[in-house]
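In what follows, a single structure is set out as structure tokens and then discussed.
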Amino acid sequence: MMRHSIYIIAFLLITTFGTNMKAQTSENQKTLRYLALGDSYTIGESVAESERWPVYLAARLASEGMSIESPKIIAKTGWRTDQLQEAIESDPQARGDWDLVSLLIGVNNQYQGKTVESYEIEFNRLVQMALKLAGGDAKKVFIVSIPDYGKTPFGASKEAKIEKELKAYNKVNKAIAKKYNIQYFNITPISAKAKNDPELVADDTLHPSGKMYKAWVDMMFNKVLKMVK
């Protein structure tokens, strides 16, 4: 009888402890803050807000049980690297430590005929800013390659030129990612599929559709999830 009582007491203690631990874990779970830096590709020109890839990425993380705020996006259609830098410096909400910071920028440097050399200098500066915003932790930052808009109806007439120039730009941003030991996602091959799949292009004939942005997130998701766990 005494042994039976001891088992009951032990069971109750273990059950209570387990319940308390689960509640404590839930209460103590940190709410992640995600900062997305870029241009039209990051702000999601011509798609619904829910289809912007940073927003979709945050939703996927939430579906995995992660507590995460709506992403803070500093991006605007047409921005070059220098304009993004100015925007970050002038935005008081960008200050402080972020749990996740993404960077995708450069297509407008190429489109406006800026040199790869100037892009390298300015992109390097942006990466340093991103690292600072992430509290100096390279594991909280990731870089996304520039998509190839030469495969869209808008860029089709200059496809070869665009592909060649963006290849040089992406070589630079990939090398800088490696220099700082930052996660790099090459989504450019996915963007190239737009040449044979109209559903990957938004109605403006230039920017990615929600379907393409989803493909980007699907490709990078598992590694991003490991970054925030």
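When restricted to residues that are farther than 20 Å from Asp39 by Cβ and in contact with a Lys or Arg (Cβ under 9 Å, 6 or more places away or on another chain), the range 184-208 contains 5. Have a look at Lys178, Lys171, Lys140 and point out the one that is over 17 Å from Met227 (Cβ atoms) and not aliphatic (A, V, I, L, M). After applying the criteria, what remains is Lys171.
Values quoted throughout were computed directly from the atomic coordinates according to the rules given, and no laboratory measurement underlies them. All of these numbers come straight from a predicted model, not from anything done at the bench. Using ideal geometry, Cβ is built from the backbone for each residue, glycine included, and neighbour counts are taken over all protein chains shown.
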